[in-house]
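The values are calculated or read from the model by the stated rules, or taken from the named source; none is laboratory data. Because the structure is a prediction, the values reported are computed rather than measured. Here the Cβ positions follow ideal geometry from the backbone for every residue, glycine too, while neighbour counts run over all protein chains shown. Keep in mind that these areas ignore ligands, DNA and RNA; they rest on the heavy atoms of the full protein, side chains included. Shrake-Rupley method; radii C 1.70, N 1.55, O 1.52, S 1.80 Å.
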Amino acid sequence: MQPREFIFRLSLCPGLGPLSRVRLWRVAEQNYCFDNLELLTSQSQITPRVKESLLKNWASPYLDRLVEQNYRVPQITLLDPDYPAILREIYCPPLVLYYQGNRDLFKMPALAVVGSRQATSYGFTVLEKLIPSVVNHRITIVSGLARGIDSRSHEQALASGGAVIGTGLDQTYPRSNGALQAQVADQGLLLTEYPLQTPPLPSHFPARNRIIAGLCQTCLVVEAKQQSGSLITANLALQENRNVCAVPGPITSPTSLGTNKLISEGAQPILNSKDLLAEFDPWFEAEA
């Protein structure tokens, strides 16, 4: 079996999480054991349950159908030269990315914008002031197509934005964002590591967040409660050595407690677009 066929099949094998897939791939690549599952599983740091699932499903008709169905979908694998270089560096990169839209957005520096689903008018005003300047400097906006801050970020940057979703490309979540998802796919870039017909399971969204964090040079948090998915993304960005910044807000607002706490812990406060663009100075200097 050729490496690209192997990595694609591995990405679809049921019962494996993202980290198990990456560990198996790295062992297979290092030992060139694409046709020797016993050797592969014996040298991988995987649990007995994962090993059992791999051996059970690898040659199943169900996996064959998945491979045939999804191979026709536009995709980039970890082996391909145009796989985003910055994403390749993270601890657990997705083996395969399915996409719709403008793949050239991978080539630009990226700003991840995350925030509350219960965003306030303050958060929306902040985005209206910050996003246009970022887009004018050919910086890609990356977010997760959730309600609130994510959605408004995509609306502000349709042709310069990438959305990472936690479902297959043929699914929409939340359903209220169906029209927006279609616009992003048509004018920007829609990305997922999940095959067709994959529903929005709760575990998919923390996994999606690692891709959002991995694709960006800088992660901006605009309104977040003390316990929120936005802070998970910010922490993932920190773990991957990305810049993390936040917009301060009123101390009386629940949706600003998380952002204010990030700033108190060392995140760069963003007061205007100049502050935000300064986070990309190293990239612009390298391009000069």
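Descriptive notes on the structure:
- Considering Gly214, Gly266, the condition of being touching an Asp or Glu at 6+ places or on another chain (Cβ under 8 Å) and small (Gly, Ala, Ser) is satisfied by Gly214 alone.
- Neighbours by Cβ (under 8 Å, 6+ apart or cross-chain): first from the stretch 60-82, over 27 Å from Asp104 (Cα atoms); second part of a helix (DSSP H, G or I) and of a type in the set (S, T, N, Q): Leu63/Asn57
- Hey, Gln69 among the polar types (S, T, N, Q), out of contact with any His (no Cβ under 9 Å at 6 or more places or on another chain) and farther than 20 Å from Gln239 by Cβ or not: yes
- For the stretch 211-222, filtering for residues that are of a type outside the set (A, V, I, L, M, F, W, C) and open to solvent by less than 40 Å² (accessible area, probe 1.4 Å) leaves 2.
- Taking the stretch 12-89 as the region of interest, the helices (runs of 4 or more DSSP H) fully inside it that hold 3 or more residues being closer than 20 Å to Thr192 by Cα and not basic (Lys, Arg) are 18-31, 61-70, 85-88.
- Screening Glu68 against (1) acidic (Asp, Glu); (2) exposed (fewer than 12 other Cβ atoms within 10 Å of the Cβ); (3) at pLDDT below 95 leaves a single unmet condition, (3).
- Here is the figure for the stretch 155-207: residues that are not in a loop (DSSP other than H, G, I, E, B) and not aromatic (Phe, Trp, Tyr) total 29.
- The set of residues from the stretch 92-130 being hydroxyl-bearing (Ser, Thr, Tyr), open to solvent by 10 Å² or more (accessible area, probe 1.4 Å) and outside any loop (DSSP other than H, G, I, E, B) comprises Tyr99, Ser121, Tyr122, Thr125.
- Qualifying residue in the stretch 186-206 (condition: at pLDDT below 95, open to solvent by less than 50 Å² (accessible area, probe 1.4 Å), touching a helix residue (DSSP H, G or I) at 6+ places or on another chain (Cβ under 7 Å) and among the hydrophobic types (A, V, I, L, M, F, W, C)): yes
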